[in-house]
């Protein structure tokens with residue numbers, strides 16, 4: 001495997017499937033199956049998942065809700081998704097721990113960096129819930145932060161397209177795909193790969209980001225194997 005330790009970033013919307021909201025069990029099972037495959041080959045896996053399939057803090061704030069309250073609701077939404085993914089992984093025989101950026105001791109462990117790394121060294125998948133534990137920060141930023149903290153070798157951003165394009169390929173048929181692009185180009189061209197804070201954090205710490213389509217069976221395995229999949233930022 002090219003990568004020994006990865007941070008996989010999933011959006012909450014990725015769990016919806018075709019139903020438009022909530023959690024689709026068949027999608028969660030598909031994700032768990034792919035993670036099990038690479039974990040079984042010795043890859044240490046950390047996961048950060050969003051909560052947009054349940055509640056988005058930014059969306060709540062734009063409708064008049066207090067931003068801090070809305071973001072706390074979004075953090076709790078990510079915990080719901082983390083627990084769903086933990087259950088699916090354990091049904092696939094993968095030992096998993098959920099660690100939370102906010103204290104929910106009856107549901108998950110509080111995030112402690114050294115403990116998270118120890119879990120991964122023991123072959124457990126670690127799901128980082130509740131973002132950074134602070135309002136005003138997205139789960140993209142949480143993914144970049146946790147990846148740097150646990151010494152991950154790459155952030156793998158799972159999307160529903162096969163990489164980064166010059167424009168939205170669903171709207172612009174002339175859009176072309178980047179195989180490799182620099183952090184600075186992503187920021188200058190405002191390509192919306194991840195938010196600017198996450199991109200800057202990865203750039204400053206020389207941590208590459210791989211954007212790929214996880215809906216294609218085998219893509220996650222190909223990515224950790226170093227095959228040409230998606231777009232590499234770095």
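The values are calculated or read from the model by the stated rules, or taken from the named source; none is laboratory data. Please read all numbers here as calculations on a predicted model, not as lab measurements. Using ideal geometry, Cβ is built from the backbone for each residue, glycine included, and neighbour counts are taken over all protein chains shown.
Tell me, yes or no, whether segment 5-17 has at least one residue that is surrounded by 14 or more Cβ atoms within 10 Å (Cβ to Cβ) and without any contact (Cβ under 8 Å) to a residue 40 or more places away in the chain.
Yes, the conditions are met somewhere in segment 5-17.
If a residue has to be without any contact (Cβ under 8 Å) to a residue 40 or more places away in the chain and over 23 Å from residue 101 (Cβ atoms) to count, how many in segment 31-61 make the cut?
So the answer is 1.
Looking at the structure I just gave you, is residue 174 surrounded by 13 or more Cβ atoms within 10 Å (Cβ to Cβ) and out of contact with any helix residue (DSSP H, G or I) (no Cβ under 8 Å at 6 or more places or on another chain)?
On the way: surrounded by 13 or more Cβ atoms within 10 Å (Cβ to Cβ): no; out of contact with any helix residue (DSSP H, G or I) (no Cβ under 8 Å at 6 or more places or on another chain): yes.
Criteria not met by residue 174.
Scan segment 131-142 and give yes if some residue there is surrounded by fewer than 18 Cβ atoms within 10 Å (Cβ to Cβ) and touching a strand residue (DSSP E or B) at 6+ places or on another chain (Cβ under 6 Å), otherwise no.
no
Of the numbered conditions (1) in contact with a helix residue (DSSP H, G or I) (Cβ under 9 Å, 6 or more places away or on another chain); (2) crowded, with 17+ Cβ neighbours inside 10 Å, residue 163 satisfies every one except a single condition; which is it?
(1)
Criterion first (out of contact with any strand residue (DSSP E or B) (no Cβ under 7 Å at 6 or more places or on another chain) and touching a residue at least 60 places away in the same chain (Cβ under 8 Å)) does residue 158 satisfy it? Break it down into steps so the answer makes sense when it comes.
Values: out of contact with any strand residue (DSSP E or B) (no Cβ under 7 Å at 6 or more places or on another chain): no; touching a residue at least 60 places away in the same chain (Cβ under 8 Å): yes.
When the stated conditions are applied, residue 158 does not pass them.
Mind checking whether some residue in segment 116-128 is modelled with pLDDT of 95 or more, in a loop (DSSP other than H, G, I, E, B) and surrounded by 17 or more Cβ atoms within 10 Å (Cβ to Cβ)?
yes
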